[in-house]
1. Report relative contact order for the chain in percent, whole number only (criteria: Cα-Cα under 8 Å, sequence separation at least 6).
2. According to a simple spin-label model (label point 7 Å from Cα along Cα-to-Cβ), what is the distance in nm between His5 and Ser102?
3. Any chance you could list P(r) for the chain, counting all Cα-Cα pairs in 5 angstrom bins from zero, rounded to whole %?
4. Fully extended, how many nm does the chain gain between Val138 and Val264 (0.36 nm per residue separation, minus their Cα-Cα distance)?
5. If r is the Cβ-Cβ distance from Arg273 to Ala178 and R0 is 25 Å, what FRET efficiency results, to the nearest 0.05?
6. Given points 7 Å out from each Cα along the Cα-Cβ axis, report the Ala216 to Glu45 separation in nanometres with one decimal.
7. Take the alpha carbon gyration tensor of region 151-295, find the square roots of its eigenvalues, order them as a ≥ b ≥ c, and report rounded if a/c is under 1.5; if not, report prolate when a/b exceeds b/c, else oblate.
8. Of Asn73, Ala193, Asn239, whose Cα points farthest to the positive end of the dipole of the chain (charges on the beta-carbon: +1 Lys, Arg; -1 Asp, Glu; origin at the Cα centre)?
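Here, each number is a calculation from the coordinates, and none is a lab measurement. Predicted model only: the values in this text are computed from it and were never measured. In this analysis, Cβ positions are derived from the backbone assuming ideal geometry, glycine residues included, and neighbour counts consider all displayed protein chains.
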Amino acid sequence: MSTNHAFPSVTVLGLGPMGRALAAAFLAAGVRTTVWNRTPGRDAELLVSGAASAATAEEAVAASELTVVCLVNYDASDAVLRRPEVEAALKGRTLVNLTADSPDRARDTGAWAAGHGIDYLDGAIMTPAPSIGGPEAVFIHSGPAALYERYAPVLAVLGGTHTHLGESIGRAAGFDIALLDIFWTAMAGYVHALALAKAEGISGRELAPFAQGIGAILPPLFAEFAEDFDSGSYSGAINPLTSGVSTMAHVVHTAEAHGIDSGVMRAAEGLTRRTIALGHGADGVSRLAEVLGRR
């Protein structure tokens, strides 16, 4: 593999599916790449592609100007990074943390990095490992703008789009958590719908095209409800809560008649009825977010 000297050297800590995909993308772009993983043996294909293997995390960090860490959560990354020998090796270098966790953990890690003389960017990967290196990949970052701009060219070889969301360290994790909230709530609704449909003699394959149609109407609603929420209008012109709660009750009744647990929908129905009781029945769905956010 020929080395592209236009890019700084990079170390990748963590060689799960995502970490291996990151390292492979750096190597494909000719970036001098060192890899390390807590469990040996996951770097074989990367070594064939030209990666250098480090025996320890501190050796790996010392090999490169830029270290990218991607582990399962911050408990795992803390166990690797917050050791005196690794902290000493990172001092004066740059760490980009693409480990998924909560905003408060990101802020805590940013404070730890600052206290040890480590330049730090936090981030998240919003697409699965096979997207890395291709146009579908989506990365979000937060931290010092000048630091992000310095390393944006080498991060860009990971493919897709990269967005710097601001200098506050926790912003990328905040976006990540909010977007995961959408994904997992939607998936919970879909698997509940599959179970309900089966109980009514409808196969998943029969339901799927209509489910995709429901999904297609959501993007414009997301934009509209966001505007309603930010402006405080909470418009119920399309579907007031008094109308929506009736259909929620129908879902709960039908599912529970088949013995299907409906805890998620019952929670949504309960929140909606509470919001109506507070005098907001003529408002739209965005009012629920305001009620949820009340202290």
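1. 12
2. Roughly 4.8 nm, to one decimal.
3. Pairs per bin, as whole percents: 1, 5, 10, 13, 14, 12, 10, 9, 9, 8, 6, 4, 1, 0.
4. 42.4 nm
5. That pair, Arg273 with Ala178, gives E of 0.50.
6. In this crude spin-label approximation the distance works out to 3.5 nm.
7. Working: a/c = 2.24, a/b = 1.33, b/c = 1.69.
Oblate shape, in that a/c is at least 1.5 and b/c is the bigger or equal ratio.
8. So the residue we want is Asn73.
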